[in-house]
């Protein structure tokens, strides 16, 4: 698939976070229909929660039965956010507002090529209130699988956005897209260009034009590469977030890192290493599992020592290494 990007599209491209998308992808990982990969420890930890969810909310089975790897999946179940994202309630309201006729068309297309689903799933998909049932299942999945860990998940996603946006501002589209996914690449054509996405679908080499609408780029902790190129949804690419390993525990200590721990203390060293990507205090709290006061105290000491600096962007204050801090963190 090729996505043609014009000069106006470059200016209108934005990043967003989708809590609802994370709920859908987390459900697929928990159900085993999507590979867990490095998230296997998470999948094992929440397995009891998933089993209880599956028993209590039958429509959860309908959501997982619809999954098609490398092929069309009904868009209305997890549409890209219309704004900057981050609000699960707003996204869920958009799902609930899906007209039944559109839902039927997307579900029929989704089911093409799949094995006949279990009877209970087919009854749910045939029901006149199918949109409500699937939306209720999404809400239950969010509450059981994602919401308890959302501060930490959001920290991973927000730090990915900071990293990508920095690449885009400093080095352009080629750098920003180069490590989204091995299946994505950028071909520059003056002030415009083409994003090529290799997928397993039969529309692999179809061409699409953004036509001034811009592109929405969304990181995901649980998912894989997903593209939205059909109306009425915004054009969007979902890609695996950078730093997913941070979800599994504290920052790994680099070889030779014990010397840094002896110099500044183990917790303070963890904070310094975690700033490999600029982060807010709240994001560091979520990543490291420390209290807000503890992280704030360590940041103050590191800043006084000239190892970190801070920058205010809107309401957020982000911390990052100074050159000396980066050298120490690297060992």
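The values are calculated or read from the model by the stated rules, or taken from the named source; none is laboratory data. If you're wondering where the values come from, they're calculated on a predicted model, not measured in any experiment. All Cβ positions, glycine included, derive from the backbone under ideal geometry; neighbour counts span all protein chains shown.
State whether one or more residues within the stretch 143-153 are crowded, with 19+ Cβ neighbours inside 10 Å, farther than 29 Å from residue 14 by Cα and in contact with a helix residue (DSSP H, G or I) (Cβ under 9 Å, 6 or more places away or on another chain). Yes, the conditions are met somewhere in the stretch 143-153. Condition check: closer than 30 Å to residue 25 by Cβ and at pLDDT below 85. Does residue 278 satisfy that? Considered against the rule, which asks whether it is closer than 30 Å to residue 25 by Cβ and at pLDDT below 85, residue 278 comes out as yes.
Only one of 89, 74 is under 16 Å from residue 18 (Cβ atoms) and without any contact (Cβ under 8 Å) to a residue 12 or more places away in the chain. Can you tell me which? Before the answer, list the steps.
Values: 74 fails: without any contact (Cβ under 8 Å) to a residue 12 or more places away in the chain.
Residue meeting the stated conditions: 89.
Residue 34 falls short on exactly one of the conditions (1) closer than 19 Å to residue 141 by Cβ; (2) free of Cβ contacts under 8 Å to residues at least 12 places away in the same chain, and that condition is (2). Can residue 8 be described as modelled with pLDDT of 85 or more and in the same structural domain as residue 190 (by TED's automatic domain parsing)? In short, yes.
In the stretch 12-40, the qualifying residues are those that are part of a helix (DSSP H, G or I) and in contact with a strand residue (DSSP E or B) (Cβ under 8 Å, 6 or more places away or on another chain), and the one that is farthest from residue 68 (Cα to Cα) is 19.
For the structure I just gave you, tell me whether residue 123 is outside the structural domain of residue 236 (by TED's automatic domain parsing), more than 14 Å from the chain's Cα centre (by Cα), outside any loop (DSSP other than H, G, I, E, B) and buried (at least 16 other Cβ atoms within 10 Å of the Cβ). Before you say what the answer is, go through the steps one by one.
Working: outside the structural domain of residue 236 (by TED's automatic domain parsing): yes; more than 14 Å from the chain's Cα centre (by Cα): yes; outside any loop (DSSP other than H, G, I, E, B): yes; buried (at least 16 other Cβ atoms within 10 Å of the Cβ): no.
Answer is no for this residue.
Annotation note: of 157, 210, 216, 177, the sole residue that is within 23 Å of residue 321 (Cα to Cα) and crowded, with 18+ Cβ neighbours inside 10 Å is 157.
Being over 19 Å from residue 265 (Cα atoms) and surrounded by 13 or more Cβ atoms within 10 Å (Cβ to Cβ): is that true of residue 315 here? Judged against the criteria, residue 315 is not a match.
On the basis of being part of a loop (DSSP other than H, G, I, E, B), within 22 Å of residue 11 (Cβ to Cβ) and free of Cβ contacts under 8 Å to residues at least 60 places away in the same chain, does residue 231 make the cut? Break it down stepwise before answering.
Values: part of a loop (DSSP other than H, G, I, E, B): yes; within 22 Å of residue 11 (Cβ to Cβ): yes; free of Cβ contacts under 8 Å to residues at least 60 places away in the same chain: yes.
So residue 231 fits the description; yes.
Note on the stretch 69-120: residues that are surrounded by 14 or more Cβ atoms within 10 Å (Cβ to Cβ) and assigned to a loop (DSSP other than H, G, I, E, B) total 12.
Condition check ((1) in contact (Cβ under 8 Å) with a residue 12 or more places away in the chain; (2) in a helix (DSSP H, G or I); (3) assigned by TED's automatic domain parsing to the domain that holds residue 29) across all residues:
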{"residue": "161", "(1), (2), (3)": "yes, yes, no"}
{"residue": "170", "(1), (2), (3)": "no, yes, no"}
{"residue": "182", "(1), (2), (3)": "no, no, no"}
{"residue": "193", "(1), (2), (3)": "yes, no, no"}
{"residue": "211", "(1), (2), (3)": "yes, no, no"}
{"residue": "237", "(1), (2), (3)": "yes, no, no"}
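Could you tell me whether the stretch 43-64 includes any residue that is closer than 19 Å to residue 239 by Cα and in contact (Cβ under 8 Å) with a residue 12 or more places away in the chain? No - not one qualifying residue is present in the stretch 43-64.
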